[in-house]
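Worksheet for the structure shown next.
The values are calculated or read from the model by the stated rules, or taken from the named source; none is laboratory data. Predicted model only: the values in this text are computed from it and were never measured. For neighbour counting, all protein chains shown are included, and Cβ atoms are generated from backbone atoms with ideal geometry for every residue, glycine included. The protein model used for the area step is the full one, side chains on, heavy atoms only, and it has no ligands, DNA or RNA in it. Shrake-Rupley method; radii C 1.70, N 1.55, O 1.52, S 1.80 Å.
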Amino acid sequence: MASTSVSRTVPATPEQVWALVGGFDALPDWLPYIPESTASEGGRVRSLKNPEGDVIVERLVDFNETERHYSYAILQAPFPVDGYVSTLRVHTVPGHDDLAEVQWSGRFNPKGATEQEVVDLFTGIYADGLEALHRTLAA
């Protein structure tokens, strides 16, 4: 199983960041790669569309409001992986009440691609996503 993780400090309190990213169906609010999200099964499944019209279906597998994190599994996607589980976490930054650290990590099995190719793919997705989050919060 391969894995990757990207962290980024953003200009907002952990509470403000979690208010933006903590909703499982909230990706279109801060992630330009996902302009559309439709929730189903009581909010536990989200069907996403990217700008090219590809559909990505994900299931919420863990959610912790107090610790500000959730994990999800991909059920359907145009990515060369299976067994994908990802976690989005919001951490405090010691000594800085006005900052938060956001960590996006995932583990997965390559399928039809090398381990390095899929690690690079998701490292890029996570880094681009956290950069978009930073821009949204800095605006």
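Observations on the model:
- Scanning segment 1-59 for residues that are β-branched (Val, Ile, Thr) and assigned to a strand (DSSP E or B) yields 4, 6, 9, 10, 38, 45, 55, 56, 57.
- Output for segment 93-139, where each listed residue is out of contact with any strand residue (DSSP E or B) (no Cβ under 7 Å at 6 or more places or on another chain), of a type outside the set (Asp, Glu) and surrounded by 14 or more Cβ atoms within 10 Å (Cβ to Cβ): 113, 121, 125, 132, 136
- Failed item in (1) on the phi < 0 side of the Ramachandran plot; (2) in a strand (DSSP E or B); (3) out of contact with any Ser or Thr (no Cβ under 6 Å at 6 or more places or on another chain); (4) not charged (D, E, K, R), with residue 83 passing the rest: (1)
- Restricting 20, 48, 31, 27 to residues that are under 16 Å from residue 86 (Cβ atoms) and in contact (Cβ under 8 Å) with a residue 24 or more places away in the chain narrows the list to 31.
- Residue among 129, 106, 95 that alone is more than 16 Å from the chain's Cα centre (by Cα) and among the small types (Gly, Ala, Ser): 95
- The requirement of being in contact (Cβ under 8 Å) with a residue 12 or more places away in the chain, among the acidic types (Asp, Glu) and outside any strand (DSSP E or B) is not satisfied by residue 101.
- Residue check, residue 82 in contact with a Lys or Arg (Cβ under 6 Å, 6 or more places away or on another chain) and open to solvent by 60 Å² or more (accessible area, probe 1.4 Å): yes
- Any hit, segment 113-120, residues being farther than 24 Å from residue 9 by Cα, of a type in the set (S, T, N, Q), over 15 Å from the mean Cα position of the chain (by Cα) and assigned to a helix (DSSP H, G or I): yes
- Of all residues in segment 57-78, those being of a type outside the set (A, V, I, L, M, F, W, C), more than 14 Å from residue 40 (Cβ to Cβ) and loosely packed, with under 15 Cβ neighbours inside 10 Å number 6.
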